[in-house]
């Protein structure tokens, strides 16, 4: 019986790795009224409307994202599930304000900086 050992190296450019961890589309703002502030999030924490947090349907809780839009950039942590509209990301009131939006914001890019560990 003949054995064959194959070794190889796969090189990925940093841009292709970053591209694989980039989401883009529309983001919305949640917690529009103070009625949601202080309520439990899907991760079990409490929604702090002054914190830089976001809701996303599939990323693990604790995932850190850099969100960019209109020349502005900020870092948010995924703490909740949603949005349940056509957007891919729901921003906390503080994060939405930092990006300059109070409703649906188009052309938002989110890059994963650190993957969370809690599903």
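The values are calculated or read from the model by the stated rules, or taken from the named source; none is laboratory data. Keep in mind it's a predicted model, so treat the numbers as computed, not measured. For neighbour counting, all protein chains shown are included, and Cβ atoms are generated from backbone atoms with ideal geometry for every residue, glycine included.
Take residue 102 and decide whether it is in a loop (DSSP other than H, G, I, E, B) and modelled with pLDDT under 85. It is true that residue 102 is in a loop (DSSP other than H, G, I, E, B) and modelled with pLDDT under 85. Any chance you could count how many residues in region 56-79 are without any contact (Cβ under 8 Å) to a residue 40 or more places away in the chain and more than 14 Å from residue 25 (Cβ to Cβ)? Qualifying residue count, region 56-79: 10. Take residue 65 and tell me if it is crowded, with 17+ Cβ neighbours inside 10 Å and more than 18 Å from residue 39 (Cβ to Cβ). So residue 65 passes the test. Only a single criterion out of (1) surrounded by 21 or more Cβ atoms within 10 Å (Cβ to Cβ); (2) under 15 Å from residue 110 (Cα atoms) is not satisfied by residue 75, namely (1). Right, residue 96: touching a residue at least 60 places away in the same chain (Cβ under 8 Å) and in a helix (DSSP H, G or I) or not? For residue 96, the condition - touching a residue at least 60 places away in the same chain (Cβ under 8 Å) and in a helix (DSSP H, G or I) - is met.
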